[in-house]
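Report on the structure given below.
The values are calculated or read from the model by the stated rules, or taken from the named source; none is laboratory data. Computed from a prediction, not measured in an experiment: that's the story for all the values here. All Cβ positions, glycine included, derive from the backbone under ideal geometry; neighbour counts span all protein chains shown. Heavy atoms of the whole protein, side chains included, go into the accessibility calculation; ligands, DNA and RNA do not. Shrake-Rupley method; radii C 1.70, N 1.55, O 1.52, S 1.80 Å.
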Amino acid sequence: MSGTSSERISTLWQTRYRTPAPKTLPDNAVLDLLLSHHSVRAYLPDALPEGTLEAGIAAASSAATSSNLQVWSVVAVENPETRARLAELCGNQKHIEVAPLFLAWIVDLARLERIAERAGMGHEALDYQETFLMATLDTGIAAQNAVTAFESLGLGTVYIGGLRNHPEEVSSLLSLPPRSVAVVGLCVGKPDPAAQNGYKPRLGQDVVLHRERYSTENEAKGIAAYDRIADDYQKEQGLTSRVWSETVAKRVDSFKGLSGRHVIRTVLHRLGFPLR
Ligand SMILES: Cc1cc2nc3c(=O)[nH]c(=O)nc-3n(C[C@H](O)[C@H](O)[C@H](O)COP(=O)(O)O)c2cc1C
């Protein structure tokens, strides 16, 4: 496509990167939706319209899947008591209690084990890190398709990595079998119109997009620019002023930045993933 970017797509670009949009950008409803993403943490408790869950999962099922192995499952939790317990387990995240639907996305190698056993075959390949990595990637790709579907219906979502704070308790609460683990959660609901939702800027393409080969040539300058942009956003939102690169550097400085999840390999072993 050639020509001039539409005002709408240029605005979305500028909101995301806070830099001028390229002169020519394609524009359609899907790009519009994707560039408009923002996590929602304030929900109305209203039930979702009939068919919403099923439509979201159909979008997830329609995602590409490594070797068509289809290694994920999802547990849809609507029960308020279970959501309240999950909210606690995920670090007291109130939005899990309020949003009417919580999806626990499961890396599910247990199903492949059952299939192999029914076929009278072994399942040695399930023990390897490569299989876990592949399954985690597939699960994330599927979840993101559901996010896009829900957002297309005017709903809000927020991923919940806090679901990995206490994987064994979550497994027990959701009756997950060995060789399966909840890797990320997702709140889904109608956004509370009274709450303000900002569009969080992202690192510029001069930092994340490498052409033909990886290069750090523009990185320091690009990150310094992003530090200013991200701090402006913090201030606009009434949040604590901070330098993004310092925040993320502190986060990786020590295992303590993993909020207790540094033990995940041992926990995964106990949940039936040898990770050879
Ligand atoms: C895998 C994953 C886990 C996340 N976990 C949490 C979480 O536990 N709680 C939360 O409030 N937000 C969580 N988020 C949302 C991120 O904080 C959010 O996407 C990021 O700050 C960018 O903001 P935006 O989505 O509004 O653009 C998570 C996002 C991802 C992708």
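Would you mind working out the accessible area per residue for the chain, using a 1.4 Å probe, and quoting it in Å²?
57
Quick one: with all protein chains in place, what share of the accessible area of the range 1-117 is carbon or sulfur, to the nearest percent (1.4 Å probe)?
54
Could you work out which residue, out of GLU212, GLU50, GLU88, moves most in a Gaussian network model of the chain, that is, has the largest mean-square fluctuation with Cα springs under 10 Å?
In this elastic network of the chain, the residue with the biggest mean-square fluctuation among GLU212, GLU50, GLU88 is GLU212.
Taking amide H atoms as placed 1.01 Å from N in the peptide plane, list the residues 5 or more away in sequence, or in a different chain, whose amide H sits under 5 Å from that of ASP192.
Counting only residues 5 or more places away or on other chains, the set is ALA42, TYR43, LEU44.
How much FRET efficiency would the formula 1/(1 + (r/R0)^6) give for ASP232 and MET121, where r is the Cβ-Cβ distance and R0 is 41 Å, rounded to 0.05?
0.10
Please work out the Cα center distance from the range 238-276 to the range 25-82, rounded to the nearest Å.
So the separation of the two Cα centres works out to 25 Å.
Just the C-alpha atoms of the range 93-228: what Rg/Rh do they give, with Rh taken as the Kirkwood radius?
Here Rg/Rh amounts to 1.07.
Using only the alpha carbons of the range 204-276, determine the length spanned along each of the three principal axes and report them from longest to shortest in whole angstroms.
Principal-axis extents of the range 204-276 (Cα, largest first): 44, 40, 19 Å.
With the dipole of the chain worked out from charges on the C-beta (+1 for Lys and Arg, -1 for Asp and Glu) around the Cα centre, which of SER6, ALA29, GLY204 lies farthest toward the positive end?
GLY204
Ignoring any ligand, DNA or RNA, what whole percent of the accessible area of the range 155-252 comes from carbon and sulfur when the probe is 1.4 angstrom?
Looking at the range 155-252 in its full context, I get 50 percent from C and S.
Taking a 1.4 Å probe, which of ARG164, ARG211, ARG276 shows the most accessible area, and what order do the others take after it?
Per-residue accessible area, sorted high to low, gives ARG211, ARG276, ARG164.
If I take the Cα coordinates of the chain and project them onto the principal axes, what are the three extents in Å, biggest first?
60, 47, 42
Nearest 0.05, what FRET efficiency do ALA249 and SER39 give at R0 = 25 Å with Cβ-Cβ as r?
FRET efficiency, ALA249 to SER39: 0.65.
Quick one: which residues, 5+ away or cross-chain, put their amide H under 5 Å from the amide H of ARG179? H built at 1.01 Å from N.
The answer is GLY272, PHE273.
Per residue of the range 89-105, in order, report the coupling 6.51 cos²θ - 1.76 cosθ + 1.60 (Karplus, θ = phi - 60°) as ³J(HN,Hα) in whole Hz, putting x for Gly and Pro.
My calculation for the range 89-105 gives 5, 8, x, 6, 8, 4, 4, 5, 6, 7, 4, x, 10, 10, 10, 9, 8 Hz in order.
Rg(Cα) of the range 195-237 divided by 2.2 N^0.38 Å?
1.40
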